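The values are calculated or read from the model by the stated rules, or taken from the named source; none is laboratory data. As the structure is a prediction and not an experimental result, all values here were calculated from the model. Cβ: placed from backbone, ideal geometry, glycine included. Neighbour counts: every protein chain shown.
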Amino acid sequence: MTENPIQSASEGAFDAFHTPQRELVDDCVHCGFCLPACPTYELWGEEMDSPRGRIHLMESGLDGEPLSGSMVEHFDNCLGCMACVTACPSGVDYGSLITQTRAQVERRHQRGFWERMLRSTIFALFPYPRRLRALRGPLALYQRSGMAELLKRSGLLAKLPPHMRTMESLAPPVRRAPKLPERVKARGQRRAVVGMVTGCVQSAFFPDVNAATARVLASEGCDVVIPPAQGCCGALSEHSGREAEAVKFARGLLDKLHAADVDYVVINSAGCGSTLKEYPRLLADDPDYAARAEHFSERVRDVSELLDELGTVAERHPLPGRIAYHDACHLSHGQGIRSAPRALLREIPELELSEINRGDICCGSAGVYNLLQPQAAGQLGDRKAENVADTGADLLITANPGCSMQIRTALERRGESMPMAHTVEVLDASIRGTGVKSLSER
Amino acid sequence: MQPASTANQTEAETAPTDLEGLIGRFREALAPESVITDPQRLRTYECDGLASYRVVPAVVVLPENADQVGEIVAACAEYGIAFVARGSGTGLSAGALPRSDGVLIVTSRMRRILEVDVANERAVVEPGVINLDVTKAAAPHGYYFAPDPSSQQVCSVGGNVAENSGGAHCLKYGFTSNHVLALEVVTPDGDTVELGGRARDVPGYDLMGAFVGSEGTLGVVTKIVVRLLRAPESVQTLLAGFPSTDEAGGAVSKIIAEGITPAAIEMMDALSIEAAEQAVRCGYPEGAGAVLVVELDGPAPEVEHTFAEVQRHCRDHGAFEVRVAADDAERAMIWKGRKSAFAAVGRISPDYIVQDGVIPRTALPEVLTRISALSAESGVRVANVFHAGDGNLHPLVLFDGSEPGAVERAEEVSGSILDVCLAHGGSITGEHGVGADKVKYMGRMFTEQDLDTMQRVRCAFDPDNRCNPGKVFPTPRLCGEAPGQRRGVHPLTEAGLADQF
């Protein structure tokens, strides 16, 4: 793929390279069932910020309308949460359409200077676990030295531009990181060999989640293979239309993690999992990688999906307490995984599971959406925080690092807090019998 | 999406209008982002749920409260410009089709539930509130809002009022008109009035009755007082598989003849089952030529007794499988197949027309035979979904718009189905409304005099024909043919042939 836009013969918003497909657009019958599912329609109540409206805009683009600033604005406003895909009775493949459209926007639309700077900064940092890890030291110092507090109290923080403020507020508290071995042996009889994808944000800021994943898998009879220095899977880039970059990352990960050596490839981050399953589409044009991508994707499982599939063998110890489970969009809508994590959590004795009202609406995190669209993301975060707080739970469970950062920040804005954990951390605490405090008091 | 065959607007002579001036007034009255004039944005409003009719409006406004609606409509009156009101844009008769020279007033930002008065069994809502959200707000108190069109998760209560929407359960509970107590309405000249009243009976002419189902031709509703019903003590739902629609139809007639009034009886034929199966994997009985969904509700002992009767009637009429929903989740699964049927047909056909006609229930077997004959003669596939209890048919006429002549063939079959309905003493629409789509059939159902009489009612509300003009009635009569301020005396009035209202 080339970075130069390929001009199509006809005028219009899109060029000939991976044009949003007319057949997919035509699948939409304009019934409107997607409207109430869409977070931006929920916020603004206008047609062009609904899935049906965005598909209509794509159709205009295919019919010859130029890729105008207003068109781009509405594509950019989409969180990519895929709630509309769940809601759609006609089976419109909105995921492919918006991915194709975003790639066109990135190649063909000239953004303003500051917008470009912001995007380059984000993509020079987040998909690189090593760079993120390098940030941990200074960030921990910033948080613990009192500088963060000082900046907040002095009012200086409020003077930063909104994007910077969001980035500051989202940074999670830094924890000590245990280093993962390259192979963890199954406990008891071996039932499967799994390769583990460690993620970028997950490995840099939530290393406990990766450690818990390896322990739980081992307890359930899996040999866990953890190749070091994996790099990014390409999810953030792909969801933002940076196709070439995503393809590069995807190839890199396939080189590191040989699916041939394992029964399953397991991932504990919802956003990454959704992209790993889409590798065949991402690498379809690449003769060297297309077949490998197919083979790889067939084996990819979210950790909850795999544990549910394998069935429980390790004993669960009671965890008395009340939890609320938050559906990460890329797990529930993107991969259709809703019942597996709930079933796993319900197996834990004395653990009470509450549902979050309007749980199918995105929290506003959506990859890097909260950095690019801080206002809309903030409003969605506030709504989510209110519904989360209403559950009165002691602990919030979510399977995506982005969601937990977003909801934690939104709760803080309301002057509230709720301890958070990943599904596997709860399972880990139950299997090891370390009690609920090991999760809520860290 | 269905092919864009731009509708024929009545290209009557329009008085020169000052659209720019009107937009200026809108900008004064509304927030900047509530007035849409960008051509690409406007285009996303060019159609509602019936995408084969498309017209890009001149301007879209998104009012946030009743006062703003009043200001918008008054400004339209002042400038003599036509307007169309729209809710969630899910209508299936192009009732909210915009005018290229007019204003589209969208109520999607007016979605506050203003009051839930459980003790008096009513709620007050803004027109943009989604139908299902009324039930969600009432459910914790043990109440619900009865009208349940298949699009209830997205359609607005304002739209329900305009279309007098029904739904699967209107067999027992009636249409929207049975569940509205009062309306706050902005009349076409910009006045805000209340029709009906919170008391159960209001003396004088039933103006609210005229307004409900008027398809946006009499004004814009800004507040609705709806009735809430107590949720029934017991609900039982079954799904029965039959070899064909004949047996299923026989079972329906028998159940009702025995004096049972189910909350709903719905039928789907093989083709629509196939579509629903593909869309939502509802797990309907395999190999069924037709399925019936029967729901009973009411006091537990009564439901228990009649439910056994219903099961017996189904088996007596050849049902090879009768499945009873054990809990709410199973009930939801049964309904999911039925409620997603329209949109699900998109899975088995690139394009389709959702037809809506009514027949006497007893004519069902005959009419279905006629429909399959029409389908066989023309080679156009027709899937059938109906509210079998009250004879409301929804034939889905399937076609591929990219094939030359396919649209015309489908439309012909679709029109012929309505002729069959009329020939059996039925109606051209059960619940989707006339809108722009069925204007051409009004003359088949009503005489000139009928239509003129209806037109007089309209003129009483909208003498200048500015309120959703071109919908419902084939040709506007008596009170001015075109939108725009009427200048001088109407020629018919002058000739002493007609009165002006």
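Points to keep in mind about this one:
- Within region B:269-296, the set of residues being at pLDDT 95 or above and either surrounded by fewer than 22 Cβ atoms within 10 Å (Cβ to Cβ) or within 14 Å of chain A (Cβ to nearest Cβ) (or both) is empty.
- Conditions (1) within 14 Å of another protein chain (Cβ to nearest Cβ); (2) outside any loop (DSSP other than H, G, I, E, B); (3) touching a residue at least 40 places away in the same chain (Cβ under 8 Å); (4) closer than 28 Å to B:VAL55 by Cα: number failed by A:ILE98: (1)
- Yes/no for B:LEU195 being modelled with pLDDT of 95 or more, more than 14 Å from chain A (Cβ to nearest Cβ) and surrounded by fewer than 23 Cβ atoms within 10 Å (Cβ to Cβ): yes
- Every test in (1) over 27 Å from A:ILE348 (Cα atoms); (2) buried (at least 24 other Cβ atoms within 10 Å of the Cβ); (3) in contact with a Cys (Cβ under 9 Å, 6 or more places away or on another chain) is passed by A:SER240 save one, and that test is (3).
- Top-ranked residue in region B:123-142 [being more than 14 Å from chain A (Cβ to nearest Cβ) and crowded, with 21+ Cβ neighbours inside 10 Å; ranked as farthest from B:GLU215 (Cα to Cα)]: B:ALA138
- Extreme residue, farthest from the other protein chains (Cβ to nearest Cβ), among residues of region B:49-63 that are part of a loop (DSSP other than H, G, I, E, B), at pLDDT 95 or above and out of contact with any Pro (no Cβ under 6 Å at 6 or more places or on another chain): B:ALA58
- Search result, residues across region B:339-352 that are surrounded by fewer than 24 Cβ atoms within 10 Å (Cβ to Cβ) and either in a helix (DSSP H, G or I) or not polar (S, T, N, Q) (or both): B:ARG347, B:ILE348, B:PRO350, B:ASP351
- At least 1 residues being more than 22 Å from A:PHE206 (Cβ to Cβ) and free of Cβ contacts under 8 Å to residues at least 40 places away in the same chain is the threshold, and among the helices (runs of 4 or more DSSP H) wholly inside region A:234-286 those reaching it are A:243-256, A:279-282.
- The single condition among (1) under 23 Å from B:MET110 (Cβ atoms); (2) without any contact (Cβ under 8 Å) to a residue 12 or more places away in the chain that A:ARG52 does not satisfy is (2).
- Yes/no for A:ALA291 being among the hydrophobic types (A, V, I, L, M, F, W, C), over 19 Å from A:ARG183 (Cβ atoms) and surrounded by 20 or more Cβ atoms within 10 Å (Cβ to Cβ): no
- Taking the listed residues B:GLY95, B:GLY89, B:GLY70, the one that is modelled with pLDDT of 95 or more, more than 10 Å from every other protein chain (Cβ to nearest Cβ) and assigned to a loop (DSSP other than H, G, I, E, B) is B:GLY95, with no other qualifying.
- Considering residues of region B:98-118 that are surrounded by fewer than 22 Cβ atoms within 10 Å (Cβ to Cβ) and within 22 Å of B:GLU46 (Cβ to Cβ) only, the residue farthest from the other protein chains (Cβ to nearest Cβ): B:ASP101
- Subset of region A:27-55 (residues that are facing another protein chain (nearest Cβ under 7 Å) and in contact with a Lys or Arg (Cβ under 7 Å, 6 or more places away or on another chain)): A:CYS28, A:HIS30, A:GLY32, A:LEU35, A:GLY45, A:MET48
- Residue in region A:177-186 that is at pLDDT 70 or above, under 29 Å from the mean Cα position of the chain (by Cα), surrounded by 16 or more Cβ atoms within 10 Å (Cβ to Cβ) and among the β-branched types (Val, Ile, Thr) present: yes
- Scanning region B:143-159 for residues that are within 14 Å of chain A (Cβ to nearest Cβ) and out of contact with any Leu (no Cβ under 6 Å at 6 or more places or on another chain) turns up B:PRO149, B:SER150, B:SER151, B:CYS155, B:SER156, B:VAL157, B:GLY158, B:GLY159.
- A:GLN104 being free of Cβ contacts under 8 Å to residues at least 40 places away in the same chain, surrounded by 15 or more Cβ atoms within 10 Å (Cβ to Cβ) and away from chain B (no Cβ under 14 Å): no
- The condition (being buried (at least 20 other Cβ atoms within 10 Å of the Cβ), under 19 Å from the mean Cα position of the chain (by Cα) and farther than 25 Å from A:ILE267 by Cα) is satisfied by just one residue among A:ALA399, A:ALA421, A:ALA393, A:ALA410: A:ALA410.
- In region B:352-375, the residue that is nearest to B:HIS424 (Cα to Cα) out of those that are among the small types (Gly, Ala, Ser), out of contact with any His (no Cβ under 6 Å at 6 or more places or on another chain) and in contact (Cβ under 8 Å) with a residue 12 or more places away in the chain is B:GLY357.
- Checking each residue in region A:63-78 for being away from every other protein chain (no Cβ under 11 Å) and assigned to a helix (DSSP H, G or I) picks out A:PHE75, A:ASP76, A:ASN77.
- Count of region A:326-350 residues which are part of a helix (DSSP H, G or I) and without any contact (Cβ under 8 Å) to a residue 40 or more places away in the chain: 5
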